[in-house]
Amino acid sequence: MPVLNEHAYLRRAVETVLGQDVGVPTELILALAPSTDGTTELARELAAADDRIVLVDNPGADIPIGLNRAIRAGSHPTIVRVDAHSELEPEYTRRALATLDRVRAANVGGVMRAEGRTPFQRAVARAYNSPVGLGGGAYHGGAEEGDAESAYLGVLRRAVLDEVGLFDETIRRGEDWELNLRIRRAGYRVWFDPSLSVTYWPRESWTRLIRQFSATGRWRGELVRRYGRGNSLRFFAPPALVVAIALGIVVGVLQATGVLTGWWSVAASVVYLPVIAYAVLVIVVALGPGGGKGWRDKLWTVAVLPTMHLAWGWGFVTGVLRGAHDTVDTSRLGDRNTPLP
């Protein structure tokens, strides 16, 4: 479990992990980044109360580095990746291990079931759980068991990790997708099991959501630079929206200033169609069951969906054109723009 500034969530996350009834020896390894909200002190308190908890340092606060340090510190043949911002269902690990053996997979994952505590966080959770929100990946609400492109968190065989290599420490976001790509290219199965469910708590504020999705989008653009069509087509929808909006603004300015007139203006107006279609889609989603129960919920949905898509899409365009370089997700770091203390 990589951990950074998770004081409000860590205790419950740890409880759900330690509460797993697996029937074999287990350990929970926390990779501690330099938190500023008392998370490290809480982690030490939890470790002092249960000898199954092992602490390792992750001074750079990079998730793949923290994961690799935790994996290397482990002593068992199966790795269960967990997150400090999530909660495991009681039978999660036992079911995952059974599925791992049943289908002879290298990695098994389930459904990310997002939930929220505030109106804003609940709106983000609804977007996470909607095919429109995050593009319909299996672990965002898939119902059929089968081979998958990637896995949320994941229950992995250490032997396969040793063979293909651990997480790529040069990738700060999307490291799980890239690892699963290597696993599949090595001839192993990545499997989705909808009976596995993990509760996930999204970001709690608008600015943190924008930071998260912008960084994630930029790293997806970097992964496109590295792996091209190894990436699913669904990843290209948000940047296409950003490009359509940019073209619409340019055409609108040219029309308003009289540069585009007559039939040329009419023909150029076709660039508005995808933007209008997107706006209609967002409104339809907000007015339906996926938009929440009251008008406030629906207004939050109208605000959150474009925020996620545009932040991710703009980050993606930037990542494709310029690369991700040292881009980090600062959404858990307050006003600082670096993960370092």
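The values are calculated or read from the model by the stated rules, or taken from the named source; none is laboratory data. Please read these numbers as outputs of a predicted model, since none were measured by experiment. A quick note on method: Cβ atoms are made from the backbone with ideal geometry, for glycine too, and the neighbour counts reach across all protein chains shown. For accessibility, only protein heavy atoms count, side chains too; no ligands or nucleic acids. Shrake-Rupley method; radii C 1.70, N 1.55, O 1.52, S 1.80 Å.
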Cα centre as origin, Lys/Arg/Asp/Glu Cβ charges: the chain dipole, Debye: 920 debye
Which of the trypsin sites (Lys or Arg not before Pro) across the stretch 90-197 are loop residues per DSSP, with 14 or fewer other Cβ within 10 Å? ARG104, ARG117
Relative to the chain, whose Cα atoms define the longest principal axis, helix 206-227 and its Cα axis are tilted in degrees, nearest 10, by 90 degrees
Overall dimensions of the stretch 1-99 by Cα: Rg and Dmax, Å: 12.8, 39
Percent of alpha-carbon pairs separated by more than 23 Å within the stretch 110-253: 43 percent
Kirkwood Rh (inverse of mean 1/r, distinct Cα pairs), the stretch 262-327, angstrom: 14.3 Å
Please give the helix 92-102 orientation as an angle from the longest Cα principal axis of the chain, in degrees from 0 to 90, rounded to the nearest 10. 90 degrees
In order through the stretch 303-308: 3J(HN,Hα) via Karplus (6.51 cos²θ - 1.76 cosθ + 1.60), integer Hz, x for Gly, Pro: 7, 6, 4, x, 4, 5
Nearest 10 degrees is fine. How inclined is helix 63-73 to the longest principal axis of the chain, computing both from alpha carbons? 10 degrees
Taking only Cα atoms and a 10 Å spring cutoff, compute GNM fluctuations for the chain and point out the largest among GLY262, GLY174, GLY146. GLY262
Loop only by DSSP, 10 or fewer other Cβ within 10 Å of the Cβ. Give me the trypsin sites (Lys or Arg not before Pro) in the stretch 238-299 that pass, ordered by residue number. LYS293
Relative contact order (percent, whole number), the chain, Cα cutoff 8 Å, 6+ residue spacing: 20 percent
Residue-averaged [θ]222 nm for the chain, counting only DSSP H segments that reach four residues, each worth -39500 (n - 2.57): -15500 deg cm²/dmol
Explain nothing, just the number: dipole magnitude of the stretch 78-181 about its Cα centre with +1 on each Lys and Arg Cβ and -1 on each Asp and Glu Cβ, in debye rounded to the nearest 20. 380 debye
In the set [x] 37, 21, 20; [y] 28, 25, 20; [z] 47, 22, 15, which value of semi-axes √(5λ) of the Cα gyration tensor in Å was calculated from the structure you see? [x]
Can you give the net charge of the other residues whose Cβ lies under 15 Å from the Cβ of ILE65, counting K and R as +1 and D and E as -1? -4
Candidates TRP295, TRP314, TRP263, ranked by Gaussian network fluctuation over the chain, Cα under 10 Å, top entry: TRP263
Just to confirm, what accessible area per residue do you get for the chain at 1.4 Å probe, in whole Å²? 47 Å²
If you bin the C-alpha pair distances of the stretch 52-133 every 5 Å from 0, what whole percents do you get? 3, 10, 16, 18, 18, 18, 12, 5, 0
Farthest toward positive dipole pole in the stretch 171-324 [+1 Lys/Arg, -1 Asp/Glu at C-beta], among VAL253, TRP177, ALA215: TRP177
Checking a compactness column here: for the stretch 176-276, what do you get for Rg(Cα) / (2.2 N^0.38 Å), N being the number of residues? 1.58
With springs connecting C-alpha atoms under 10 Å apart, model the chain as a Gaussian network and identify which of ASP101, ASP168, ASP57 has the largest mean-square fluctuation. ASP101
